[in-house]
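Novice: Okay, handing you the structure first.
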Amino acid sequence: MKKISLLVALFIVALVSVSTFAQNKKVGVGIIVGEPTGVSLKYWTSSTTAFDAALAWSFVDEGAFHIHVDYIFHNFNLIRISDAKVPFYYGIGGRIKTANKSRIGVRVPLGLAYIFNSAPLDIFLEVVPILDLAPKTDFKINAAIGARYFFN
C-alpha cells in the first residue's frame, strides 16, 4: 500500500510541475489510451525533437503502474497536407513498470501525429517495441492512441 501511495504522490507532483512549467514553454499535456493508459506529456526541445513521457496504468500481467520517457525525432516531409502537420516520429527511451516484480526496459517508439494548425492540439498513434532488461530479458509491444493540449 505504501508503494501505491508513493506512486500516486509522485504522479500528482509531476502533474502540478508540468502545469506550472507549461505556462511559457511548448509543453503538451493530455491522455494516452491503450497499453498503457494514463497521462501523456510532451516537451518540444527543437522544431523536430521532443521528450515524450507518460504516467499510466498497464492492464497487462495483472495490472501495474507504468512510467516511460522517450526522446523522439519527427519527420515532417513524409506526409504533407495544408491544414495540419503530420509527422512520422521515432526515438528511443526507457520505461519502468511496477508489478509483483518491477520491470525496467528500453522502448523504441514509432508513431504518427496529427498537429492541428488552427488549435494547440495534437493526436497521435504509436506502436512501441520494448525490450525489458530486468529482472529478466523479455520482448513486448505496446500500442496506444492519444491527444494533448499544448501550452505556449
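Novice: Can you find, within region 95-111, the residue that is farthest from HIS74 (Cα to Cα) among those that are within 13 Å of the chain's Cα centre (by Cα) and not in a loop (DSSP other than H, G, I, E, B)? Talk me through it step by step, then tell me what you get.
Specialist: Filtering region 95-111 down to residues within 13 Å of the chain's Cα centre (by Cα) leaves 95-96, 107-111.
Add one more test, that the residue is not in a loop (DSSP other than H, G, I, E, B), and what stays is 95-96, 107, 110-111.
Numbers: ARG95: 21, ILE96: 24, ARG107: 16, LEU110: 10, GLY111: 9 Å.
My answer is ILE96.
Novice: Given the criterion among the charged types (D, E, K, R) and more than 20 Å from ASN142 (Cα to Cα), identify the matching residue among LYS85, LYS101, LYS42. Write out each step before concluding.
Specialist: Details: LYS101 fails: more than 20 Å from ASN142 (Cα to Cα); LYS42 fails: more than 20 Å from ASN142 (Cα to Cα).
The match here is LYS85.
Novice: Taking TYR114, is it at pLDDT 95 or above and either loosely packed, with under 15 Cβ neighbours inside 10 Å or more than 17 Å from GLY30 (Cα to Cα) (or both)?
Specialist: no
Novice: Just a yes or no: is a residue in region 135-143 touching a residue at least 12 places away in the same chain (Cβ under 8 Å), under 24 Å from THR49 (Cβ atoms), in a strand (DSSP E or B) and among the basic types (Lys, Arg)?
Specialist: There is no residue in region 135-143 that is touching a residue at least 12 places away in the same chain (Cβ under 8 Å), under 24 Å from THR49 (Cβ atoms), in a strand (DSSP E or B) and among the basic types (Lys, Arg).
Novice: Separate question: Search region 117-134 for residues being crowded, with 19+ Cβ neighbours inside 10 Å and under 20 Å from THR48 (Cβ atoms), and hand back the single one that is farthest from the chain's Cα centre (by Cα). Can you show your working first?
Specialist: Residues of region 117-134 that are crowded, with 19+ Cβ neighbours inside 10 Å, as a first pass: 122, 124, 126, 128, 130.
Keeping just the survivors that are under 20 Å from THR48 (Cβ atoms) gives 122, 124, 126, 128.
Working: ASP122: 13, PHE124: 10, GLU126: 9, VAL128: 10 Å.
Residue satisfying both the conditions and the ranking: ASP122.
Novice: What's the number of the condition ASP61 fails, among (1) surrounded by fewer than 16 Cβ atoms within 10 Å (Cβ to Cβ); (2) in contact (Cβ under 8 Å) with a residue 40 or more places away in the chain; (3) not hydroxyl-bearing (Ser, Thr, Tyr)?
Specialist: Failed condition: (2).
Novice: Let me ask you something else. Mind counting the residues in region 48-65 that are modelled with pLDDT under 95 and either of a type in the set (Ser, Thr, Tyr) or under 19 Å from LEU112 (Cβ atoms) (or both)?
Specialist: 1
Novice: Same structure again: Only residues that are touching a residue at least 12 places away in the same chain (Cβ under 8 Å) and part of a strand (DSSP E or B): list them for region 80-94, please. Before you say what the answer is, go through the steps one by one.
Specialist: Residues of region 80-94 touching a residue at least 12 places away in the same chain (Cβ under 8 Å): 83-94.
Matches in region 80-94: ALA84, LYS85, VAL86, PRO87, PHE88, TYR89, TYR90, GLY91, ILE92, GLY93, GLY94.
Novice: Next question, about the same structure. In this structure, does ILE67 turn out to be part of a strand (DSSP E or B) and over 17 Å from the mean Cα position of the chain (by Cα)? If you could, list the steps in order and put the result at the bottom.
Specialist: Details: part of a strand (DSSP E or B): yes; over 17 Å from the mean Cα position of the chain (by Cα): no.
Criteria not met by ILE67.
Novice: Here is a check on your reading of the model: is VAL8 crowded, with 16+ Cβ neighbours inside 10 Å, modelled with pLDDT under 50, farther than 22 Å from GLU126 by Cα and out of contact with any Cys (no Cβ under 7 Å at 6 or more places or on another chain)? Show your work before the answer.
Specialist: On the way: crowded, with 16+ Cβ neighbours inside 10 Å: no; modelled with pLDDT under 50: yes; farther than 22 Å from GLU126 by Cα: yes; out of contact with any Cys (no Cβ under 7 Å at 6 or more places or on another chain): yes.
Considered against the rule, which asks whether it is crowded, with 16+ Cβ neighbours inside 10 Å, modelled with pLDDT under 50, farther than 22 Å from GLU126 by Cα and out of contact with any Cys (no Cβ under 7 Å at 6 or more places or on another chain), VAL8 comes out as no.
Novice: Further question on the same structure: State yes or no: is ILE145 more than 11 Å from the chain's Cα centre (by Cα), at pLDDT 95 or above, surrounded by fewer than 16 Cβ atoms within 10 Å (Cβ to Cβ) and not small (Gly, Ala, Ser)? Walk me through it before giving the result.
Specialist: On the way: more than 11 Å from the chain's Cα centre (by Cα): no; at pLDDT 95 or above: yes; surrounded by fewer than 16 Cβ atoms within 10 Å (Cβ to Cβ): yes; not small (Gly, Ala, Ser): yes.
Considered against the rule, which asks whether it is more than 11 Å from the chain's Cα centre (by Cα), at pLDDT 95 or above, surrounded by fewer than 16 Cβ atoms within 10 Å (Cβ to Cβ) and not small (Gly, Ala, Ser), ILE145 comes out as no.
The values are calculated or read from the model by the stated rules, or taken from the named source; none is laboratory data. All values derive from a computational prediction rather than experimental measurement. No Cβ is skipped: glycine too gets one built from the backbone with ideal geometry, and neighbour counts run over all protein chains shown.
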